[in-house]
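Remarks on the structure that follows.
Values in this text are rule-based calculations from the coordinates and carry no lab data. Since we're looking at a predicted model, the values are computed, not measured. Backbone-built Cβ (ideal geometry, glycine too); neighbour counts: all protein chains shown.
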Amino acid sequence: MLPVVLVSAAVLLAACGGDGSSSSTTASGDGPKVVATTTIAGDLVRNVAGDRAQVTTILPVNADPHDYEPRPSDAQAVADADLIVRSGGEVDAWLADVVSSAGSDATQLDLIDDVTTRKGGDDHEEEHADGEGIDPHWWQNPQNAIAAVEATRAALVKADPGGAATYDANAKAYTEQLTAMDTAIAACMDDIPASQRKLVTNHDAFGYFADRYDIELVGTVIPSLSTQSQASAGEVTDLVKTIQAEGVKTIYAENTVNPKLERAIADRSGATVGPQLWSDSLGPKGSTGATYLDMLRFNAGTLADGFTGRKGVCTLPTA
Ligand SMILES: [Zn+2]
């Protein structure tokens, strides 16, 4: 049933791209067709692919990947793909159904398998089906993104050997940018006294960031690795007490989650709600989280300002 529809679906996807309500596709010539699940995976892949491959990202910006309901157009994009790139773990476990309904036998790259640090879930194979127990938010450590870029480069070269020189050069240039950002964030955080580096976020999305930059995770509003969970009244009361005991001044909302509970907890604890962090999704074009590098820059700068109570604490690479 699919073939006749595919051309018009591709045109539709291209026409809808970038409005924030639909998946986005960057077009190109003869290169392979790549589908990425999350906006962050899509951005990493796009930086390696450049103009050589056509990259379609399934999730729209600002959408919560934990809560995503695949659409028929996703199956069409997957059916047409030469390479499928997953973020991995619980955030895009829904992809399995899309792949089977698309009847796709495209190569699948699971980026979480290549990251250098992985939190939770010692027996990855056993947990693989739904990713439960593994912290899927690996992208919050840029060193993991560097590893994901290398895995993506290798997969693209395999899918399209003629493009090897392009993918190698793109990956090298992008890795240099990621390394520079990571180094600058580490230097900035290192200058902040450890007693001030205490973080309260919405859900448990910043464990990798906290590990990388030596930040103490004091608590989360949703005490879970997923957003699809709720805090009990007792847990909320405990968090309020912890915030007061630890002297946390700012707690953070996230761009993919409703900040209602943060506001209530801030009211009760005397903390303020800081700017929304970019957690599980990039934002629209022109936002402070339009790209993965933008996300890192904004999150790190915002947190450093919140920890210290000053403005513009971090000097981080731009563009
Ligand atoms: Zn999450």
Worksheet item: For Arg118, Arg46, Arg71, what ranking results if the residue with the fewest other Cβ atoms within 10 Å of its Cβ goes first?
Response: Arg71, Arg118, Arg46
Worksheet entry | Whole-Hz ³J(HN,Hα) from phi, Karplus 6.51 cos²θ - 1.76 cosθ + 1.60, for segment 70-79, glycine and proline x | x, 10, x, 5, 5, 5, 5, 5, 5, 4
Item to complete: Write down the Kirkwood hydrodynamic radius of segment 163-319, to one decimal in angstroms, obtained as one divided by the mean of 1/r over all alpha carbon pairs.
Response: 16.5
Worksheet item: So how do Ser232, Ser224 line up by other beta-carbon neighbours within 10 Å, fewest first?
Response: Ser232, Ser224
Worksheet, complete the sentence: Interchain or sequence-distant (5+) residues whose placed amide H lies within less than 5 Å of the amide H of Thr256 are Ser279, Asp280
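Suppose R0 equals 35 Å. What FRET efficiency, 1/(1 + (r/R0)^6) with r the Cβ-Cβ distance, do Lys285 and Asn258 give to the nearest 0.05?
Values: r = 23 Å, r/R0 = 0.66.
About 0.90, to the nearest 0.05.
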Worksheet item: At a Förster distance of 45 Å, what's the computed FRET efficiency of Asp51 paired with Thr116, Cβ-Cβ distance as r, to 0.05?
Response: 0.95
Worksheet item: Roughly how many nanometres apart are two label points built 7 Å out from the Cα toward the Cβ at Ala194 and Thr272?
Response: 2.8
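Quote to one decimal, in nm, the extra length available between Lys311 and Asp238 on full extension: 0.36 nm per residue of separation minus the C-alpha distance between them.
On the way: separation 73, 0.36 × 73 = 26.28 nm, distance 3.00 nm.
The Lys311-Asp238 span can extend by a further 23.3 nm.
Sum -39500 (n - 2.57) across every DSSP H segment of at least 4 residues in the chain, then divide by the residue count to get the 222 nm mean residue ellipticity, nearest 500. Provide the component values of the computation, followed by the final result.
Values: 11 runs with 138 residues, N = 319.
One gets -13500 deg cm²/dmol as the mean residue ellipticity at 222 nm.
Under 8 Å for C-alpha pairs, at least 6 residues apart: give me the relative contact order for segment 155-251, rounded to a whole percent. Spell out each step's value before the answer.
On the way: 80 pairs, mean separation 20.4, N = 97.
Taking the mean separation of contacting Cα pairs over the length of segment 155-251, I get 21 percent.
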Item to complete: Using amide H atoms built 1.01 Å from N in the peptide plane, name the residues 5+ places from Thr250, or on other chains, whose amide H lies under 5 Å from its own.
Response: Thr272
Discussion item. Please compute, for the alpha-carbon atoms of the chain, the extent along each of the three principal axes and give them in descending order in Å.
Written reply: 61, 39, 39
Worksheet item: Under 17 Å from the Cα of Lys33, which aspartates and glutamates turn up, not counting those fewer than eight places away in the same chain?
Response: Asp43, Asp51, Asp74, Asp80, Asp82, Asp105, Asp110, Asp160
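Please compute the contact order of the chain in relative form: average sequence separation of alpha-carbon pairs under 8 Å and at least six residues apart, divided by the residue count, as a percent. Please report the intermediate quantities before stating the final value.
Values: 593 pairs, mean separation 50.0, N = 319.
In percent, rounded to a whole number, it is 16.
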